[in-house]
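Below you'll find the structure, written out as structure tokens, and then a few comments.
Where a number appears in this text, it was derived from the coordinates with a stated rule and is not lab data. The model shown is predicted, which means the values in this text are computed figures rather than measured ones. Here the Cβ is made from the backbone with ideal geometry for all residues, glycine too, and neighbour counts use every protein chain on show.
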């Protein structure tokens, strides 16, 4: 059935690139076809004997394939004219259009970059939409691009429930599974889903990506979930073209790896043949929707025209191999089906082919004339939306008294009626309040349910709100954050817990590359609001070493759009949690709540038994303003100490010693908000005081201190006497040696001595 490109290449093809060869080859194949045609089938008849695909469906799928192909060809031509800025194409993968046809436009889709056929076909699901023009606007980086607003070439659509991914490898697989789990959780909770109850989540990726650690953790979590008979209707579509850029996948590897994987139901479909492959695609989709089980669809594809426009395969693959690859072009098989079945004549196929080309180039030229992003403000507009008045109104909106009384177990047990408590208890009380306020709130992570967390911070939540809202997960931070994105996609408010800051680092791309980028790359059309609780920082009296004393806050500071709050005392923690939840609810923000483990149980400040680090629980209508600092001894002007977290009690104790030793009145500022830093407040306090100390428990080369000093310097106060007290550039050791590498009270006093000297 397939055409072959003669070898050596005939004279008429000399000097052509591989995209031009594929273009010429298709037209030559149609013109030169010599087979016999059957009588033209009626629209509802099978396209070929025994096929599950009818003639109408075939025609539409073929049109979608041609749209995808000509978008690729157009991109290659116009890239050199700087009219198109993306050339990773879908050529050879056009069979993924079958997956779009077999599913619904309300099935959330997380697609990899070779999804042109899928998108063209899904556009049929809603009237009045134009896949060619929308794609052209995206290729041209036009500000009118309906997917990302010109920020990146992405496959995305709000009305079609395609959540945009960029050049994803495998980082989207965890959140696809999380979305599938969330669909089922939403039904159990009765919170109201934004899509039909029987929806499934679709996730596509390449065979090379299936080997990635992030993919493997998603497959494992899917199997782990299904093994426990928990529904998780995710359709993983592995588009197997046998190669990743230039590294070949061993023959048979995907089938061997996934065919017998426990609790991941395997289906194979030929994505190169619409007539035979469609039945198997349908079987996989129907199985996933009916059984609600994780399903793996192994879709045979081909990669032609290279990895991208910059990939000149002729430099590293033989001409014989390239010709064999191009002979497997699925559009050749689709043309053969059209001719064999009698559905189309040669002239009709060639006319459709050229008409599609014309439409793609016309759309591209039109898109090139449309406005592009021209200001930094425009670039950043969807990254970190913030509506202060609305956020504060939401943060200070108290839960109903009835809901609070039920959550806490009685009127007399309301936290504001209790004696002052330490940080861990006040966080716990605030979480109870958030659960009473938001029925859609979920809390999950390792050991958070019956045990109540390693430090009992979540104690009682499982008993009060049940297993549907408070539950343990498998030990996998990547999946914890993937689940959070899935729940957020479905309209819930997830509060995932990362047990220790050190455990975040192997999963942090779920925040950096996925969660925090969604608003940016969807032009704020999709949001995944969440409050990520992370226990961390140092000072656990030498216990636990690096994994339990991690001060790598910089990893969080480097994520665009993320909000990071770090309380040092219980009342601030409760009010900060309310603000973080409001930021998530109102502006769709991804937020992190960094909890200093060493301060969880701290009661005293200056002397044993003084109880000065206990706080009363703030009334439920009180909250913090994003960026607002806490100031101690606000009238002092001799010296100011900036700090946060564990540095706060140290700084207050050191301030008393500095006053005794040097006679200075010392102002102490608790930054509280680490991302974004409040540069204006920092500059104000620095400007009002004669000397400056920055106490940063981060490392010398990577902490909060650099940001504080930058704010001071840029405000024009860099000439004042200033010292930084920071941790050393090392991992934290065990026992007493820990206090050789992280700041101590006496280090702050010594820095003040240096300023005095």
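Can you list, largest first and rounded to whole Å, the semi-axes you get for the stretch 11-380 by taking the square root of 5 times each eigenvalue of its Cα gyration tensor? Present the calculation step by step, with values, prior to reporting the outcome.
Values: eigenvalues 192, 128, 89 Å².
Ellipsoid half-lengths, sorted descending, are 31, 25, 21 Å.
Here the spin labels are modelled as points 7 Å beyond Cα on the Cα-Cβ line, and at residue 247 and residue 307 they lie 1.0 nm apart. Measuring between their Cα centroids, the stretch 337-404 and the stretch 485-516 lie 25 Å from each other.
May I ask you to compute the full-extension gain from residue 350 to residue 625, defined as 0.36 nm times their residue separation minus their alpha-carbon distance, rounded to one decimal in nm? It would help to have the intermediate numbers written out before the result.
Details: separation 275, 0.36 × 275 = 99.00 nm, distance 6.35 nm.
Here the segment from residue 350 to residue 625 would lengthen by 92.7 nm.
Computed extension length for residue 188-residue 40: 48.3 nm, one decimal, from 0.36 nm per residue of separation with the Cα-Cα distance subtracted.
Please check which bits of the stretch 433-458 a label hung off residue 230 would reach, taking the label as a point 7 Å along Cα-to-C-beta and the cut-off as backbone N under 17 Å. Inside the label zone: 441-453. Averaging 1/r over every pair of different alpha carbons in the stretch 372-455 and inverting the result gives a Kirkwood radius of 16.0 Å.
The distance from the alpha carbon centre of the stretch 44-80 to that of the stretch 671-709 is 58 Å, rounded to a whole number. The helix-only estimate of mean residue ellipticity at 222 nm for the chain, built from DSSP H runs of length n ≥ 4 each weighted as -39500 (n - 2.57), is -12000 deg cm²/dmol after division by the residue total.
Based on the inverse mean of 1/r over its pairs of different Cα atoms, what is the Kirkwood hydrodynamic radius of the stretch 482-622, in Å? Don't skip to the end; give the middle numbers.
Numbers: mean 1/r = 0.0620 Å⁻¹.
Every distinct Cα pair counted, the radius reaches 16.1 Å.
The separation of the stretch 153-180 from the stretch 277-309, counted between C-alpha centres, amounts to 16 Å. With contacts taken as Cα pairs under 8 Å and at least 6 residues apart, the stretch 630-756 reaches a relative contact order of 27 percent. Using 0.36 nm per residue and subtracting the Cα-Cα separation, the extra length available between residue 406 and residue 383 on full extension is 4.5 nm. For q values of 0.10, 0.14, 0.17 Å⁻¹, compute log₁₀ I(q)/I(0) with the Debye formula on a Cα-only model of the stretch 388-599, without solvent. So the normalised log intensities work out to -0.40, -0.80, -1.22.
Shape analysis of the stretch 598-642 yields a ratio of the Cα radius of gyration to the Kirkwood radius, Rg/Rh, of 1.03. Consider all pairwise Cα distances in the stretch 260-384 and report the whole-number % of them above 20 Å. The calculated P(r) of the stretch 260-384 puts 70 percent of pairs beyond 20 Å. Between residue 464 and residue 223, the distance separating the two model label sites (each 7 Å from Cα on the Cα→Cβ line) works out to 3.9 nm. Most simply put, the chain has about 20% antiparallel DSSP beta bridges, counting only bridges with both residues inside it.
Working from the Cα coordinates of the chain, the gyration tensor eigenvalues give, after taking √(5λ), semi-axes of 56, 28, 22 Å in decreasing order.
Relative contact order for the stretch 11-380 using alpha-carbon pairs under 8 Å, separation at least 6, rounded to a whole percent? Numbers along the way, then the final one.
Numbers: 708 pairs, mean separation 86.4, N = 370.
Once normalised by length, the contact order is 23 percent.
Placing a pseudo-label 7 Å from each Cα along the Cα-to-Cβ vector at residue 158 and residue 327 gives an inter-label distance of 4.9 nm.
On the principal axes of its alpha carbon atoms, the stretch 649-757 extends 40, 34, 23 Å, with the longest extent given first. Go ahead and collect, in residue order, the members of the stretch 611-654 whose backbone nitrogen is under 13 Å from a label point 7 Å along the Cα-Cβ direction of residue 662. So the set is 637-642, 654.
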